[in-house]
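Comments concern the structure below.
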Amino acid sequence: MDPFSLKTFLLFVCLIGCGSAVDILPEGPLDAVLSQDIVLETLLIKPDYAVIIWSYSDGSEQINVATLTSAGQNTNKPYEGRAAINTTNGFLTLKSVTSADSGDYSINVVTSVATLTGEIKLRVLEPVSGVSIKSNLPEAVELNSTVVLTCSAQGSFLKFTWTNGSAPIVADGTRLTIKDEELTSTLTIKPVLRSDLIGPIFCTAANNLEKEKSPAFKLTVHYGPDKVMISPASTPQYIKAGSNFSLACSALSSPPATFSWFQNQTEIKVPGPVLSLGAIEKLGSVKTVQDYTCRAQNAKTLRSVPSPAVSFAVMDAISGTKITGPTVMLIAGNSTANLSCRATAGTVKTTTWMKDGKPLPADPRLVFAADKSSLMINPLQGGDAGQYTCQLSNPVNTEEASFKLVVNFGPETAMVKGEDAVEVNDPITLTCSAASYPTANFTWKFNGTATDVKTDKYVIKEAKYKNTGTYTCEAHNAVTGKTVTSIHKLSVKEEGALDEGLSDGAIAGIIIAVLVALALAIGLIIYCRQKVPVESPY
């Protein structure tokens with residue numbers, strides 16, 4: 001059927017009843033991939049038709065594609081071998097579609113009672129390909145650079161999306177803008193931040209049929225230095241000289257920052273992020289408190305940022321602490337002791353004296369030097385003997401030394417302990433004691449006559465009547481030359497003479513037992529009288 005005959009036939013169809021509001025084609029547009037087959041489906045189910053006509057229009061001219069009648073199917077010349085109408089449902093198949101096949105397709109279905117018409121748009125899409133990202137800069141500086149990323153691709157009806165890692169990039173219309181064109185999309189970041197391109201960055205181009213993702217794109221954004229800090233951020237006021245102490249400087253920076261150090265405002269010629277105490281001590285003038293800062297520099301951003309300052313002084317530790325004391329013999333009441341405490345190195349801030357691990361009590365006999373470096377005890381007493389400790393301290397360390405002070409004294413008051421009276425044949429032990437250093441020597445006298453007993457104990461295994469008398473203990477200190485005595489009287493009695501009888505407690509126990517027994521007896525008598533009946537005299 002030639003085009004003239006088609007027009008004549010359509011005019012004839014319209015004369016007998018043209019047009020219907022019934023939708024016989026789905027809503028478009030319908031997309032197809034270049035060089036692939038496409039089927040334009042209808043919404044008809046086994047239509048009873050006389051004629052089915054499919055037509056194409058590019059907007060300026062309408063061309064017949066194919067016509068189906070009961071007599072057979074006729075395909076227009078440009079579509080021969082490429083187009084076919086399904087005789088059951090009126091579907092139109094187009095094979096190996098080209099870009100020229102894009103346009104409006106219409107169908108006319110002539111039945112015995114009416115003519116049904118429909119129209120749908122076909123879009124032949126080129127495959128999505130060649131998706132890539134390019135930058136206007138090889139590298140950027142945070143807050144200074146404007147970054148323009150351009151995503152380009154091949155294909156039809158493209159839509160672009162941007163992602164930072166897996167998170168979508170959303171334009172805010174001010175700092176981040178996105179402009180889409182037919183084959184490109186431009187992401188502009190002004191100014192760029194380090195977080196904008198942590199990445200990797202991806203661009204995806206897509207149409208209704210397929211999509212393609214660009215290779216990962218990374219752009220270095222230089223930033224910093226930020227948060228320039230010294231560790232430790234705070235230090236003691238004094239640092240021990242020669243200790244393993246150092247300061248470390250850190251900063252957030254890309255590329256990594258370089259560091260310089262300053263004492264007060266004077267640069268220290270020490271490269272790197274660590275400043276050792278050894279380098280500080282070489283500066284001299286570190287015995288007083290100084291401020292130390294570091295400065296971080298970034299060669300790309302050209303920024304230089306100082307840290308907060310830390311302040312301290314360097315102090316020598318105390319060492320070589322020693323106590324010197326008397327080397328001569330000391331006698332209580334006659335001697336004076338001088339103790340001196342010194343250190344061979346370091347600065348002493350406080351001096352503390354202790355005796356036998358406890359602070360020295362206030363005593364007018366104890367006289368300290370103004371700086372407590374020495375102690376004088378005048379006069380010495382026996383109780384002054386003991387272990388003296390001198391403790392020297394400063395803010396960086398404490399050291400101590402000890403000295404044993406020996407004081408000869410005594411003997412002090414002698415005392416005899418033992419029995420005042422014993423029975424004949426009983427053992428006797430008398431013990432004599434007297435505080436003394438060195439330990440006293442003891443001798444005993446009986447009734448004024450010296451005995452051969454030379455110990456602190458006078459022992460008699462079996463007492464005899466003749467042992468009754470006065471016992472005198474003499475305690476003598478060979479160093480002090482002092483002697484003290486104590487007298488004890490002893491009486492030896494016949495056997496049984498010292499029996500003391502029952503104790504008060506025993507007597508009280510016996511009395512209580514007797515009273516209880518008496519109460520029980522009285523109670524029993526009363527009970528029995530109540531149980532036995534009394535015979536009436538009448």
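The DSSP beta bridges internal to the stretch 415-493 are antiparallel in roughly 90% of cases.
At most 12 other C-beta atoms within 10 Å and a DSSP loop state: those are the exposed GluC sites (Glu not before Pro) I care about. Give me the longest piece of the chain that has none. Mind showing how you got there, number by number?
Working: sites that count: GLU27, GLU61, GLU80, GLU181, GLU182, GLU462, GLU494, GLU495, GLU500, GLU535.
Segment 183-461 is the longest.
Phi-derived couplings, Karplus 6.51 cos²θ - 1.76 cosθ + 1.60 at θ = phi - 60°, listed residue by residue for the stretch 225-236: x, 10, 6, 6, 9, 9, 10, x, 6, 9, 10, x Hz, with x used for Gly and Pro.
Simple spin-label estimate for ASN86 and GLU126 gives 3.2 nm between the two label positions (7 Å along the Cα-to-Cβ direction from each Cα). Among the lysines of the stretch 129-218, pairs that are 8 or more positions apart or on different chains and have alpha carbons within less than 13 Å of each other number 4.
Dipole of the stretch 73-142, Cα-centred, from +1 at each Lys and Arg C-beta and -1 at each Asp and Glu C-beta, to the nearest 20 debye?
Numbers: 6 positive and 7 negative charges, 73 e Å.
Its charge dipole is roughly 360 debye.
A value for log10 I(q)/I(0) by the Debye sum over Cα atoms at q = 0.06, 0.09, 0.11, 0.12 Å⁻¹ was derived from the coordinates, and within the list [x] -0.29, -0.65, -0.97, -1.14; [y] -0.72, -0.96, -1.10, -1.16; [z] -0.34, -0.72, -1.01, -1.15 it appears as [y]. The stretch 87-160 and the stretch 186-249 have Cα centres spaced 40 Å apart.
Comparing Cα centroids, the stretch 369-385 and the stretch 341-359 end up 14 angstrom apart.
Remark: the stretch 297-311, residue by residue, has Karplus-estimated 3J(HN,Hα) of 10, 10, 5, 8, 7, 6, 9, 10, 10, x, 8, x, 8, 10, 10 Hz, where x stands for each Gly or Pro and the curve is 6.51 cos²θ - 1.76 cosθ + 1.60 at θ = phi - 60°.
Hey, fewest Cβ within 10 Å first, where do SER135, SER243, SER307 land in order?
Numbers: SER135 17, SER243 13, SER307 24.
Going from least to most buried by this count: SER243, SER135, SER307.
For the chain, what does -39500 (n - 2.57) per DSSP helix run (n ≥ 4), summed and divided by total residues, give at 222 nm, in deg cm²/dmol to the nearest 500? Could you put the intermediate results ahead of the total?
Numbers: 3 runs with 48 residues, N = 538.
Theoretical 222 nm ellipticity from helices: -3000 deg cm²/dmol.
Projecting the Cα atoms of LEU125, ALA450, ALA50 onto the charge dipole of the chain, computed from C-beta unit charges around the Cα centre, puts ALA450 farthest toward the positive end.
Taking the Cα centre of the chain as origin, sum charge times position over the Cβ atoms of Lys and Arg (+1) and Asp and Glu (-1), and report the length of that vector in debye to the nearest 20. Don't skip to the end; give the middle numbers.
Values: 44 positive and 49 negative charges, 432 e Å.
Charge dipole, the chain, about its Cα centre: 2080 debye, nearest 20.
Computed from backbone phi, the HN-Hα couplings of the stretch 246-259 come to 7, 10, 10, 10, 9, 7, 7, 6, 9, x, x, 6, 9, 10 Hz, rounded to whole numbers (Karplus: 6.51 cos²θ - 1.76 cosθ + 1.60, θ = phi - 60°; Gly and Pro given as x). Under a 5 Å amide H cut-off, with hydrogens placed 1.01 Å from N, ILE239 pairs with ALA313, VAL314, MET315 among residues at least 5 apart or on other chains.
For each of MET376, MET315, count neighbouring Cβ atoms within 10 Å of the residue's Cβ, then give the residues from fewest to most. If you can, show how the numbers build up before the last one.
Working: MET376 14, MET315 21.
With the sparsest Cβ surroundings first, the list reads MET376, MET315.
Electrostatic bookkeeping for GLU419 treats Lys and Arg as +1 and Asp and Glu as -1; over the other residues with beta carbon under 12 Å from its beta carbon, the sum is 0. When each of LYS211, LYS417 is scored by the number of other beta-carbon atoms lying within 10 Å, the sequence from fewest to most is LYS417, LYS211. Taking 25 Å as the straight-line reach from the Cα of LYS282, the lysines in range (excluding those fewer than 8 positions away in the same chain) are LYS240, LYS269, LYS349. If both residues of a DSSP beta bridge must be in the chain, then about 90% of such bridges are antiparallel.
A short reminder: the numbers here are calculations on the coordinates, not readings from a lab. What you see is a predicted model, and the numbers here were worked out from it, not measured in a lab. Every residue, glycine as well, gets a Cβ built from its backbone with ideal geometry; the counts of neighbours run over all protein chains shown.
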